[in-house]
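Student: What follows is a single structure, and I will ask about it in a moment.
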Amino acid sequence: MKSNYVGSGTRQWSNKSINFQTGCEHNCLVCYAKDMSIKYKQTTKNNWKSPIIRVKDVKKKISKWNESLVMFPSSHDITPYNINESMIVLRKILEANNDVLIVSKPHFDCIKQICNEFGNYKNQILFRFTIGSYDNDVLKFWEPNAPSLDERMNSLKYAFNNGYETSISCEPMMDNDVDKVIDAVKPFVTETIWLGKVNQMWPRLERNTDLNSDIRKKAEELEQWQSDDNILLLYDKYRNDPVIMWKDSILKVVAKSKKK
């Protein structure tokens, strides 16, 4: 099972996504969904972390999608708060004979429940877990209410050991030590590891946070780590590794360097 690998943003993975919630308790600092929701006045930066389940979207009929994978979810996560609704929606996606890309900063109990419940649909499911750093303190800073590194790794191992297809998103990479993530996850990845920069970091931080001095300092550090020169070094290191895939944020840097 493969993602699209074309387009930009989430469309590199899928042309179809399904969501049923506004807000996410993970409250990640550079979350694109939070940024868009605030920008279009659907929520506020303070309300986002208290999510609202849209019952009408949980009840929606889901039909067969004829292109690529259905990505679920894309603008919130699967958490203990919404696991019951997540199971309902996921079952409808699978029973409609869709292949599904489950994207998550994974809570172990949620992933365990999904794996145990949907074993008969194993060939329709690809997990993609987000791990942007192998430093738990870094994850805690940028993704304050998301699961710890250990919980994400345990979720990956559980899905892998139970025969599911697995992949990793290192987008955004949250520090300059992504090698540690790659080395740690590779034995448990059946598909791909995606690397990507932080997109639109400053405008997102301005909308999503109070952009205090601590956040500004960390953001400046991350911006330096993800300079074009450093990205090109990373690309050269892994360009021939068939497991490593590149998000459009990195492909743009590579394309720009070739024009010089």
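Student: For the range 1-112, with all protein chains present and a 1.4 Å probe, just round the carbon and sulfur fraction of the accessible area to a whole percent.
Tutor: Here it works out to 50 percent.
Student: Sticking with this structure for a sec: Listed here are the pairs 34/140; 49/247; 45/157; 41/140; which of them are more than 22 Å apart at the Cα?
Tutor: 49/247; 45/157; 41/140
Student: Around residue 17, which amide H atoms from residues at least 5 apart in sequence, or from another chain, sit under 5 Å from its own amide H, with H modelled in the peptide plane?
Tutor: 71
Student: Right, something else. Taking every DSSP beta bridge with both residues inside the range 1-140, roughly what % is antiparallel (nearest 5)?
Tutor: So the antiparallel bridges in the range 1-140 amount to around 15 percent.
Student: Please name which of 79, 47, 28 has its Cα lying farthest along the dipole of the range 1-108 towards the positive end, using unit charges on Cβ (Lys, Arg +1; Asp, Glu -1) and the Cα centre as origin.
Tutor: 47
Student: Classify the range 1-91 as rounded, prolate or oblate, taking a ≥ b ≥ c as the square roots of the eigenvalues of its Cα gyration tensor: rounded when a/c is under 1.5, otherwise prolate if a/b is larger than b/c and oblate if not.
Tutor: Verdict is oblate for the range 1-91.
Student: Tell me, what HN-Hα J-couplings in whole Hz come from the Karplus equation 6.51 cos²θ - 1.76 cosθ + 1.60 at θ = phi - 60° for each residue of the range 159-171, using x for Gly and Pro?
Tutor: Each residue's phi maps through the Karplus curve to give 4, 4, 5, 9, x, 8, 6, 9, 8, 10, 10, 9, 10 Hz.
Student: Sticking with this structure for a sec: Tell me, what is the per residue accessible area of the range 211-259 in Å², probe radius 1.4 Å?
Tutor: On a per-residue basis, 64 Å².
Student: Among the lysines, select those whose C-alpha is under 20 Å from the C-alpha of residue 61, and discard any that sit fewer than 8 residues away in the same chain.
Tutor: Here the lysines satisfying the reach criterion relative to residue 61 are 16, 92.
Student: By its C-alpha gyration tensor, with a ≥ b ≥ c as the square roots of the eigenvalues, how is the range 162-260 shaped: rounded for a/c under 1.5, else prolate for a/b larger than b/c, else oblate?
Tutor: oblate
Student: How far apart, in nanometres, would the label points at residue 148 and residue 46 be if each is projected 7 angstrom from Cα along the Cα-to-Cβ direction?
Tutor: Here the modelled spin labels are 3.1 nm apart.
Student: Could you give each residue of the range 108-114 its phi-based ³J(HN,Hα) in whole Hz, using Karplus coefficients 6.51, -1.76, 1.60 with θ = phi - 60°, and x for Gly or Pro?
Tutor: Listing the rounded values in order: 4, 4, 5, 5, 4, 5, 4 Hz.
Student: Just checking the chain: which Cys have no other cysteine's beta-carbon under 4.7 Å?
Tutor: 24, 110, 115, 170 - these cysteines have no disulfide-compatible partner (Cβ-Cβ under 4.7 Å) in the chain.
Student: Amide H neighbours of residue 103 under 5 Å, at least 5 residues apart or on other chains, H built in the peptide plane: list them.
Tutor: Here the answer is 72, 128, since their amide H atoms fall under 5 Å of that of residue 103.
Student: May I pose another question? Go through the range 119-135 residue by residue and turn each phi into a ³J(HN,Hα) via Karplus (6.51, -1.76, 1.60, θ = phi - 60°); whole Hz please, and just put x for glycine and proline.
Tutor: Values, residue by residue: x, 6, 10, 3, 6, 9, 10, 10, 8, 10, 9, 8, 9, x, 7, 9, 10 Hz.
Student: Report the Cα centroid-to-centroid distance between the range 40-62 and the range 206-260 in angstrom, as an integer.
Tutor: 31
The values are calculated or read from the model by the stated rules, or taken from the named source; none is laboratory data. Keep in mind that what you see is a predicted model, and the values were worked out from it rather than measured. FYI the Cβ positions are ideal-geometry reconstructions off the backbone, even for glycines, and counts take in every protein chain you see. For accessibility, only protein heavy atoms count, side chains too; no ligands or nucleic acids. Shrake-Rupley method; radii C 1.70, N 1.55, O 1.52, S 1.80 Å.
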